[in-house]
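Here's the structure we're looking at; comments come further down.
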Amino acid sequence: MWFGTRDGLNKYDGYEITVYKNEFNDPSSISSNTINDIVGDKDGNLWIATWKGLNKFNRQKEQFVRYINNNERTGTIRSNLINCLSIDEEDNIWIGYEDNCFDRFNIKTKS
């Protein structure tokens, strides 16, 4: 079972809890300890909405990839403050922000 808290991403395997937290100088860690939503894709990856961007967690490799807003580049997410996520049947992630705007993130093209 996976739980998002204000203190990181938590995995309960039936015996113990593992907590994944942001490590300031480690860009391969989760981008924020405040988790707002978690969804899973068809490949078994977790997509995590945080206060500091979108994160993909490869469960087999136990690695994070961050998707962060960059106003100087097109194709990045609108904002790093993400409230909710949903995945559609075409494996697009719909990202909801606190200003009631949405982005569609294409998993295949990563944009």
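Computed from the coordinates by the stated procedures, all read-outs in this text should not be read as laboratory data. Every value quoted in this text rests on a predicted model; they were computed, and no experiment measured them. For neighbour counting, all protein chains shown are included, and Cβ atoms are generated from backbone atoms with ideal geometry for every residue, glycine included.
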Dimensionless Rg over Rh [the chain; C-alpha; Kirkwood]: 0.95
3J(HN,Hα) from dihedral phi, segment 75-92, Karplus parametrisation 6.51/-1.76/1.60, rounded to Hz, x for glycine, proline: x, 8, 5, 5, 8, 8, 8, 9, 8, 8, 9, 8, 10, 8, 5, 9, 6, 8
Here segment 13-21 yields Karplus 3J(HN,Hα) values (6.51, -1.76, 1.60; θ = phi - 60°; whole Hz; Gly and Pro given as x) of 9, x, 10, 8, 10, 10, 10, 9, 10
For Ile35, which sequence-distant residues (separation of 5 or more, or a different chain) have an amide H within less than 5 Å of its own amide H, given hydrogens modelled in the peptide plane? Thr5, Arg6, Asp7, Gly8
By count of other Cβ within 10 Å, fewest leading, how are Tyr20, Tyr15 ordered? Tyr15, Tyr20
Tell me, in nm to one decimal, what length is gained between Asn70 and Asp88 on full extension, where the rule is 0.36 nm per residue of separation less the Cα-Cα distance? 4.0 nm
So how do Ile30, Ile82, Ile17 line up by other beta-carbon neighbours within 10 Å, fewest first? Ile17, Ile30, Ile82
The chain: Lys pairs at Cα distance under 13 angstrom, eight or more positions apart or on different chains: 6
Collect residues whose amide H, placed 1.01 Å from N in the peptide plane, falls under 5 Å from the amide H of Lys52; neighbours closer than 5 in sequence don't count. Ile82
Phi-derived 3J(HN,Hα) across segment 104-109 with the Karplus relation (6.51, -1.76, 1.60, θ = phi - 60°), rounded Hz, x for Gly and Pro, is 10, 9, 8, 4, 5, 8
